[in-house]
1. Scan the stretch 3-16 and tell me whether some residue there is farther than 23 Å from residue 147 by Cβ, not hydrophobic (A, V, I, L, M, F, W, C) and not in a loop (DSSP other than H, G, I, E, B).
2. Looking at residue 69 and the list (1) among the small types (Gly, Ala, Ser); (2) closer than 22 Å to residue 15 by Cα; (3) touching a helix residue (DSSP H, G or I) at 6+ places or on another chain (Cβ under 8 Å), which single condition is not satisfied?
3. Residue 141 passes all but one of (1) at pLDDT 90 or above; (2) farther than 23 Å from residue 65 by Cα; which number fails?
4. Confirm whether residue 118 is open to solvent by 80 Å² or more (accessible area, probe 1.4 Å), of a type in the set (Lys, Arg) and modelled with pLDDT under 80.
5. Which one is farthest from residue 144 (Cα to Cα) among residues in the stretch 74-93 that are in contact (Cβ under 8 Å) with a residue 60 or more places away in the chain and open to solvent by 20 Å² or more (accessible area, probe 1.4 Å)?
6. May I ask you to list the residues in the stretch 76-94 that are in contact with a Pro (Cβ under 8 Å, 6 or more places away or on another chain) and either polar (S, T, N, Q) or not in a loop (DSSP other than H, G, I, E, B) (or both)?
Amino acid sequence: MQTDPHLYVDADACPVKPEAVKVAERHGLPVTFVANAWMSLPRAPRVRMQVVTGAFDAADDWIVAQLEAADIVITADIPLASRALQKGARVLGPSGKPFNADNIGNALATRELMADLRAYGVGGGPPPFGPRDRSRFLDALELVVREARRQRSSLLAGAAPQHPPMAT
């Protein structure tokens, strides 16, 4: 297990790429952007692009396969958020809304309801993404990174041997 959490970004249509890199760099965290096609990203030493090909959920599958407890996922994809939470990751939407065990069930149900309404021609897309959303995301990611670091430290401390070393 790595000592620091890893930040994974579901990069297709993610509006907060520069903000994610800014926070990750401040904390020295590695960042992997995952998408179905190559895209231009903010440059930084710990930033990596992972292009996946194949099935519709290939990026989601790749992210979930890499996750360790206390890693961080940024996504607006609610099914991916649910899968990441099951792996023990921290999950944050681009609007700054955290997904957790208390709200993921409701988010999945709302997603299904909205899909049904759109199928009948009712409703529209999300509201425009603005500066307040970016600010809210930066604040929320800062908090999530601190929580993930504490969680990772606790996990590593718990994984340490509980018995004293043998005398030689």
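The values are calculated or read from the model by the stated rules, or taken from the named source; none is laboratory data. These numbers come from a predicted model, not from an experiment. Heads up, the Cβs are rebuilt from the backbone with ideal geometry, glycines too, and the neighbour counts pull from every protein chain shown. Ligands, DNA and RNA are stripped out before the accessible areas are found, and what is left, the full protein with its side chains, is counted by its heavy atoms. Shrake-Rupley method; radii C 1.70, N 1.55, O 1.52, S 1.80 Å.
1. no
2. (2)
3. (2)
4. yes
5. Ranking the candidates gives 77 first.
6. Within the stretch 76-94, 90, 91, 92 qualify.
Conditions tested, residue by residue: (1) over 29 Å from residue 128 (Cβ atoms); (2) at pLDDT 95 or above; (3) open to solvent by 30 Å² or more (accessible area, probe 1.4 Å).
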position: 7; (1), (2), (3): no, yes, no
position: 16; (1), (2), (3): no, yes, no
position: 20; (1), (2), (3): no, yes, no
position: 32; (1), (2), (3): no, yes, no
position: 49; (1), (2), (3): no, yes, yes
position: 54; (1), (2), (3): yes, no, yes
position: 57; (1), (2), (3): no, no, yes
position: 62; (1), (2), (3): yes, yes, yes
position: 72; (1), (2), (3): no, yes, no
